[in-house]
Every structure is written in C-alpha cells, then in structure tokens.
Amino acid sequence: MADAGAAGFPRELQVQAIECLADVGFWDALRRHKLDVLGTDDSPIPITGYYTPRQFRPLPSFFNLRSGSLVPPHNAGDRNNCPIAGSLVNTNNMRGFQNLDRDQVLKAEAKKILHDIMSGRVDEDPALLLRFFVISFADLKNWKVYYNVAFPSLVLNSRITLLSLQPASRVLTKEEVMFLCTYITSDSSASVRQLKDWKTCQGNYQSLLFGFYDHGCRSDRPGGAIINYIAFLSIRWKIEKVRFFCYREFKGKPDLEQSLIGEASFPPPYDWDDPEHVPDAIGWEGVEPGKGTEEMKPKEIDLQSMNPASQDEEKQLMHLKLMGWRHFPVNIEKLSCVRVLLLGAGTLGCEIARLLMTWGVRKLTVVDNGIVATSDLAKQSLYIDKDCGVPRVTAIVPHLKARCPAVEVEGIQMEIPVPGHPVSPSKMASVLDDCKHLQTLVAANDAVFLLTDTWESRWLPTLLCASENKIAVTAVLGCDSYLVMRHGAGPGTSGGTDEVTAQIENLSTEDALGHHRLGCCFCNDAAFLFNPVPNGTLPGLTSVVSGKAVELFARMLHHPDEIHAPGDIAGMETEHQLGLLPHQLRGSLPKCVLSMELGNSSGNCTACSIAVLSEYRRRGLDFVMQAINYPTYLKDLAGISDLKRPDTCPKMLTNVSANSDKISDVRCLLLGAGTLGCDVARILMDYGVRKLTVVDSGRVVVSNLARQSLYTSDDRGAPKATAILRHLVERCPSVDAQGIQMEIPMPGHPVSPSEAASVLQDCKRLKELVASHDAIFFLTDTRESRWLPTLLCTNENKIAITAALGYDSYLVMRHGAGPGISCEASNVAAAMDKMSTKDAFGHQRLGCYFCSDVVAPVDSVSNRTLDQQCTVTRPGLASIASGHAADLFARMLHHPDGIHAPGEIAGASSGHPLGLLPHQMRGSLSQYNLLTLLGYSSSNCTACSNVVLSEYRRRGMDFVMQVINEPTYLEDITGLTELMKSAACSKVEWVAETDEDDFIEI
C-alpha cells in the first residue's frame, strides 16, 4: 500500500469495498420469518444492519447482520452498534432468485438514494447514504439460504479525482478528532456540526472537513461510503472540491494513524435533475467496479447443523405451517398439547396413530389387549415380522417413536370390559380394576378414538366420554362399507340448587352451550350391542376410514365450539377454511358413495341417554358392573325392551372372494415411493399382490417419516427405492419386490448435450419396465412426470392408475385402453395410420390423465412456491386416495373386460359382485363429497391421442427426446396450438377441468 502523502496524485479515486458479516442466527431468523410470517409474500421487507468498530488492525470494521436485524432497532444504537437501514427480498423459489436482474435491482436502489439526496432527506438523516440491499432464497426444505448483499453506490457520470490523502494524525490531534462534519477555526479549535447546518457554517471557519465513519483499514484509499457522500455534496450542494475526513476507530477509540484526511475534486454530474433519470450503480459484494454481474455467484449458508434435535421436529411440522400460506393457519400448539386416547392398536389404530402424528399430535396413549400375529403384518401398517408374538401396545410404541421422536406415547395392555359378558366372581376384582383404569384414562385425555374390533367394546368408553364431556370419534369397518362419526357432547344441567344433585338428576336434553345434543354410535342401535365380527374388510377400506376419522377430529379441534359444534350436512355453506364439520360419514367402496348424516342423541340410547348417564353418575362402577353381568339391564333402563326400530348399524357383509392366483401373479409397477407410494404398496400386498417394482429418485428425509407410512428414522438419507424394499419384506417375506432408483424423464425439462445419453437411457429403461409389468401406478411428484408413463402404457395397452392430491381434494382414475386397429390396416405401416378411436373390444376409449388439458405438460415446479412444490395436503388425504386407488385396481383386475371395462358412475346398477367400476373418482374433504366422473379420450390429448401414438410408433425415442426438449411440439402436432389461436380470436376463456393448484401430486 502507498503511504499517506506518497507521490501519485492526482489520481482516480479508488475505495475499499464494504463487506458484510451475516451471523448464522440472522439466516435462521429469516428462515423462520419466511415460514411463519411471510409465506408466499416476496415483497421487500425492512431490515437493519450494524457497523461495529475494528477489533484487529489489519481488518476493516464489520458490517453485521444478526438475528435481531429483522425487527426495528429499539434505540438509535451506540458507537459500538451503529444501525443502518436496509431492505431484503426473499424470493419464493430458486429460479426466481436466479432470474433476478441484479443490475436493475441495484439501479432501483441507487435511484432511491438519489431521490433521498434531491429531496433533502439525507440532510436530516445522513445514514440514508449507507443504504444496503439483500436478495435471498431461503430453501426451507433443505435448510439452506442463498444470498447476495449490495451496498449501492451512485456512479457519477464524471470522474472523481483524488488530490491528496494522508493520515489524520498529521493534521489533527486526538483532542481535535470529532465525528461527521468537523469544522476547524483559525485558532485550531474543532467542533462538530450536522450536515444540515452546512450553509449556516460557511465563512465562519478557516478549514472545513466533511467527515464520515469509515469502515476501511487501508491507508491508500477511503472506504466505500465516500462515494455516495461525494455524490450528495455534488448533487445537493453543487460542491466541486472537498476535503474529507475518514474517521476510523480501533476497539472503540479514535485511531488517528488509520484515519485519513484527503481532498477530492469532481465536476458536477449532468442530466441528474431529470426525475426519470436512473443512475448507474455499483455495489454488489464481490463484484469489482466495471465488471458485470453475469458471473456473480450466490453465497450459501447451511443451517442443518443448528439444533439438530429441535430441527427434526420443525421439519416434521413444516407441512402444517405451509398449509397456512394459502389455506388455513393450523393451531400447531393446540395440536401438540392435546392428549389423545386410542382404544385399539390394530388395523385402524396403527393408521390413525400415524396420521395423528402427521397432524402434529404429540401426546398419545394406546390401549389394546392383542398380540401381533403374522396375519396382521400386511393389514396393520406399523408392525413388522419381528413383532409377531409381542403385545401390540408394546410393539407400537417404538414404531411411533421411530417416525416421530418427539411424540410422547404410552402403551397400556388392557381388555376393555363389555356389557352382556358376565364375569365369574374370581375375575370380578380384575374387571373392576379395568373399569377404574379406563375411567381414569378417559378423564386424563382430551379426545378418545373408539377403534376396537367389537361393537360392544365401545359401550363403556362411550358412556365415560359422554359423562366426562370428552371428544369421541368412532370408526367402524364393514366388509366394504364404513361409518365414521363424532359423538355429541354430554348433557348440560337444567337447574337445581345443589350442583351435585343437578349433575345426577337434572340433566338437560341440550349440551352446555344450549345446542341439541348429537348422538353417539349407540343412539340408533336397534340390534342393541352386538353385531357379528366381519370375516374381513376390503384392504383399501382401512386407509379410507382412517383418513376421514383423523380429518374429522382435526376439523372439530379447530372449530370454536369444538365438541359442541352442530353437525353440518351436504350442501351447507361454511366460512371455515377446513370446510364442513359433519356428524356422521357413511360410505361404501363398491357403490362409490359417501353420505353425511345427522342424528341427535336418543332418549333411549343405552350409552349416552340421560337415564343411563344419571344412573352411572349416581351409582358409578356398580352400575357398570351390573350392565356387564346382566345383558338385559341396559335395555330395561333405556326403555327399549319393546321398541322396534330399523337397524341402521353398519352392515357386516359377506366378503366377495378374490381370485388369489390372479392377484399374486400380477406384476405391479409403482412410479413413486413417497406418501402415496408407501400406502399403495402396502395395501396392494394386503390384497395379495406379490410382485412389485418401485421406481423413485429421491431419498428419505426427516419430513417424510410421519407422512410416508413405511419409513423410519433409520432410513434417513437412504434412497427411497432401496429403503422401501426392506419394509415391504418385513411385512410380507414372500413378496418379490424390486427397487429402482431412477428419475423419470419429463417434457419441459430440457437436457444439455452432455445429459442426453443418460436421459435417453432412462427413457429406454422405463419403456422396458412398462412392457414387463401388467399394471402401473402413477404416484410421482409432478404432473409432467406422468406424461411418458401415460404414453407408454397407452401404447402397450397396460392398466394405468393415477392418484393425485390437492390441498383438500383428490383424484383417482384409471386410464383407458390403447386404440384398436382399423380393419382397413393390413400391415404395420398402415396400422400406424389406421388406429381406431375405439379400443380392441370396440368400446369408446376412456380418457387418460392429460385428456382434459389444453396445454402440454411443462415444468410445473421450478416457478412455484414451496407450498406448491411440496406435499402440502391435509394429512388424511393420502390415505383416502391410496385406499381408493388400490381398490379401483382390484376391481378392474377382477372385471371380465379388464382394462377395456366401460366406466360406470354412482347410482348405476352394476352386475359385478365387486360393485361399480368408475373411470374417475374425485373427492373433497372440505365438502366431504365423492363424485364418479366419466370422460373419453380426447383427439387433442398430448399423451394418448392417436396422433401422438402414431408419432411415437413412427419415431420412437427420437420423438420422446424432442418432446422433452420442446414441450410446445406436443401442442403443435395435437392441434392445441391452432385451437388456442382460434379461441383467442373468438375471445373464448378456457376453464380447465382441473386447476393445477388444486392437484399437487405426491
């Protein structure tokens, strides 16, 4: 470096750039702010940076961003923490961050500085000259932040010439050193005045120095703040030559050896008075003046090392926070504190426990008296082969903890006493203890799920919940039908001076809020307490029911009246973001129906009627023991001995025998091993499928564990295609499963020449996989990843099932068969041109997933916000869609026409013993509806139309590679381009059948 006063003057002014030191705590605070506050808002936000004195002589002063920089400073700061106002733009995705025009951004910030100079704001607040700007992308999913920092400096359109520069110690003594504008009189005394006092001070001083706090440490150049300072003096006060004072400190004290005094000249800028003038600017950290920003690379901060234990829990809850960005602010604190009692750890208990954790529930108690059996493994989603012979309540605890370490779960092995099952004197004390224990458990929890195998085992929990006014949710499985319901609140009191007496004798027919009480699961039980145990249920039924039960509970918990909320029915309007809150849901898989029913508490109910509750409150467990030992006692007490009512209990129908050989031999290809892939694979094994191939390119991460039913914490970092195999074999050792780690080539994702060979190889491999399997399930993350499998399945005439999820809605559909060949086609070449509009059976072809699209599939992720990229769906939705998808496949497999079977809609009669075979099923959790739709193959479809198939059969993988690199090519050959042009000329507004925002596939 040149010594102060060395030769070489005059010369062009060079400055030492300002450098930013951002604490990790700042970026973590930004991550939280984005997740909890900003959501999808990417508009600039104010932040505060701080200058701090130098602590080491060879280093400049620090400009610091800290965890508190996102909130306004509480005071004006001090000499050790000088606050500087800045702004930050956090983009919603990486592409948005990469596409920011950094030159234009910098110019826009420089224009703000120019405006502040010309308006006089800088006179009052000189710190505005030190404005800074941050652009960032907080990758919430991977806990990383990418950013760049700029300190905008105006570039005058005239040269700034440095005339002299020397250490301040040659001019001033320590006693004379001041800050800001330093005025030195003829008697060598110094004083400090503010910039706004400049005009009043002119002529009163022999020497005038314009001082500023200089962050720099070099002796041959000032710090970067001088540039905007000179611009201010030139533009605002028309000064053309100035003596300046670069004031520097060391450990909080003046440092005259490092401080500089110099002189600079600068001709006045021209055309800057124009209000529309946009000045050039420099200032991006790491970019030298005069260099472009094209090669500027972002800085990267990895936050994964911060608080690993709490980080895992945050990752598991992130999907709930993302729900609040567009849909509904989930009360995570309430969910984490609610205490839930699960009565039953079998088929329903396993699935509901896992889904509750996905909803953020962290306090679970599970009661069961069973032992894990080999036959349970495929049906009960949590257990594996090593659990066989172990009590379910013992086995379930580590499996829940393996998916969510933060959950507090207790397993209690206990048989629930049931009425009508007299006990011998020797067992009386034991049964009484069980009653007391259950009584204590119900009182200690906030919500109870009734998931036991027998109807009568729900009686005592129902009675206790009604008496204690606890949330109770019942889920009941038939062979192919189900009931999910929430019990009504317990009765209020109707007067009485003695509170204890009122609680026994003056029970009201209304609840504590004055609402008519909703019924419990026994209020319509004409068969009293007993129904035959079913021989078995359709494997997909459990998932459908579990999803609905958990969603019903979460909806009730977020209702302001909670247990007292009135029951909604279909067609009602609701302003609540989670939609309707029904009393009962009844559905049938073979009929493809879902209905909402409303029933009030019955005066003759054997579990929640006032007569029964009054007797229980008066006699306590003596009453319970009498009900257990005397089967007719409850009938007599409730007054239903001679009452005749229709039986509205769920019917336990005789199961339809499946063709086990056909199911075990069918070869299924699952594209996607995520939320849907795990559930569908497990349900298929329960149906008897034994040949599975799973394709996925992802790896297991912490946020997957609660949502993707098969993975545990031991799988973290492992490829999903590898991890899923182990879990499938643990549940069914006879399964022949293969996992393939591969990314599916997609249109709209152009590949570079260096990648082309690898992508082409993936295309060929996928073609071979489709050809070698009988049925393909489309369960991938993006819409466009389904295009090539759809094309290949149509060409090979393979069964194809799609399951897609929106935030609170889902689509399950089977694709139609490929086209038959016109009778005029006599050779292969003719067959390409003579494909029929019907399938090989002469049926009109059903549509595929893309048949209703009016644009070709393109990159649907890169420009989206995180809540759109990730699986931000209501937690129970995937289970429901998976159950329907597997059930639809099983019915199609058993249909005599198979893939050629025509589509049926709800209400139509079906001669097949397994029920209706629809083309599409669309359901909504907010409205609790289920629609069966029918759509035929479109001649403009980008995936299954004859023109696309002909082009694929003619050109093969050359055609596929062209589509990957030029997605609009599909629109051209299918006529969609001309169709859209015609629509534009006619001013037609297209209303897509499915808004992509409604279906974010998993």
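The values are calculated or read from the model by the stated rules, or taken from the named source; none is laboratory data. Since we're looking at a predicted model, the values are computed, not measured. Every residue, glycine as well, gets a Cβ built from its backbone with ideal geometry; the counts of neighbours run over all protein chains shown.
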* To do: Go through segment 247-267 and count every residue that is out of contact with any Ser or Thr (no Cβ under 6 Å at 6 or more places or on another chain) and either over 20 Å from Asp220 (Cα atoms) or not β-branched (Val, Ile, Thr) (or both).
  => 11
* In segment 531-539, is there at least one residue being part of a helix (DSSP H, G or I) and within 28 Å of the chain's Cα centre (by Cα)? -> yes
* For segment 63-72, name all the residues that are without any contact (Cβ under 8 Å) to a residue 60 or more places away in the chain and hydrophobic (A, V, I, L, M, F, W, C). => Leu70, Val71
* To do: Would you please name the residue that is surrounded by the most Cβ atoms within 10 Å (Cβ to Cβ), looking only at residues in segment 70-100 that are touching a Leu at 6+ places or on another chain (Cβ under 9 Å) and outside any strand (DSSP E or B)?
  => Asn92
* Candidate set from segment 837-861 (those that are farther than 16 Å from Thr780 by Cα, of a type in the set (S, T, N, Q) and part of a loop (DSSP other than H, G, I, E, B)); member that is farthest from the chain's Cα centre (by Cα) -> Thr837
* Residue pairs meeting the criteria (Cβ under 8 Å; at least 6 apart or on separate chains; first under 13 Å from Ala800 (Cβ atoms), in segment 759-787; second of a type in the set (S, T, N, Q) and not in a strand (DSSP E or B)) -> Phe778/Thr790; Arg786/Thr780; Trp787/Thr942
* To do: Among the residues of segment 233-279, count how many are part of a loop (DSSP other than H, G, I, E, B) and in contact with a strand residue (DSSP E or B) (Cβ under 8 Å, 6 or more places away or on another chain).
  => 10
* Quick one: count up the residues across segment 363-395 that are under 26 Å from Glu314 (Cα atoms) and surrounded by fewer than 22 Cβ atoms within 10 Å (Cβ to Cβ). => 2
* Asked: Is there a residue in segment 915-926 that is modelled with pLDDT under 90 and not hydroxyl-bearing (Ser, Thr, Tyr)?
  -> yes
* To do: Sort through Asp42, Asp28 and tell me the only one that's closer than 30 Å to Arg864 by Cα, among the acidic types (Asp, Glu) and in contact with a Gly (Cβ under 9 Å, 6 or more places away or on another chain).
  => Asp42
* Asked: Does segment 602-614 contain at least one residue that is loosely packed, with under 15 Cβ neighbours inside 10 Å and not charged (D, E, K, R)?
  -> yes
* To do: Only residues in segment 116-129 that are within 14 Å of Ser234 (Cα to Cα) and not assigned by TED's automatic domain parsing to the domain that holds Ser234 count as the first member; pair them with residues that are surrounded by fewer than 15 Cβ atoms within 10 Å (Cβ to Cβ) and modelled with pLDDT under 90, Cβ under 7 angstrom, at least 6 apart or cross-chain, and list the lot.
  => Asp123/Lys196
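A quick yes/no check of all residues on (1) surrounded by 18 or more Cβ atoms within 10 Å (Cβ to Cβ); (2) farther than 28 Å from Thr374 by Cα; (3) not assigned by TED's automatic domain parsing to the domain that holds Leu792:
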residue: Ala718; (1), (2), (3): no, no, no
residue: Ala723; (1), (2), (3): yes, no, no
residue: Leu728; (1), (2), (3): yes, no, no
residue: Gln738; (1), (2), (3): no, no, no
residue: Ser754; (1), (2), (3): no, yes, no
residue: Ala757; (1), (2), (3): no, yes, no
* **Test: residue in segment 436-456 that is under 14 Å from Asp622 (Cα atoms), modelled with pLDDT of 95 or more and outside any loop (DSSP other than H, G, I, E, B)** => yes
* **Enumeration of residues in segment 475-488 that are among the hydroxyl-bearing types (Ser, Thr, Tyr) and surrounded by fewer than 24 Cβ atoms within 10 Å (Cβ to Cβ)** => Ser481
* **Answer from Asp42, Asp103, Asp36, Asp28 - the residue that is surrounded by 17 or more Cβ atoms within 10 Å (Cβ to Cβ) and part of a helix (DSSP H, G or I)** => Asp28
* To do: Would you be able to say whether some residue in segment 337-352 is in a helix (DSSP H, G or I) and more than 26 Å from Val680 (Cα to Cα)?
  => yes
* Lone qualifier among Phe26, Phe62, Phe56 - being touching a helix residue (DSSP H, G or I) at 6+ places or on another chain (Cβ under 6 Å) and farther than 20 Å from Gly96 by Cα -> Phe26
* Looking only at segment 494-514, decide whether some residue is surrounded by 15 or more Cβ atoms within 10 Å (Cβ to Cβ), among the small types (Gly, Ala, Ser), in contact with a Lys or Arg (Cβ under 9 Å, 6 or more places away or on another chain) and modelled with pLDDT of 90 or more. => no
* Which one of Thr394, Thr365 is more than 20 Å from Arg731 (Cβ to Cβ), modelled with pLDDT of 95 or more, of a type outside the set (D, E, K, R) and outside any loop (DSSP other than H, G, I, E, B)? -> Thr365
* When you go through (1) part of a helix (DSSP H, G or I); (2) among the hydrophobic types (A, V, I, L, M, F, W, C); (3) more than 24 Å from Tyr383 (Cβ to Cβ) one by one for Val680, which number turns out not to apply? -> (3)
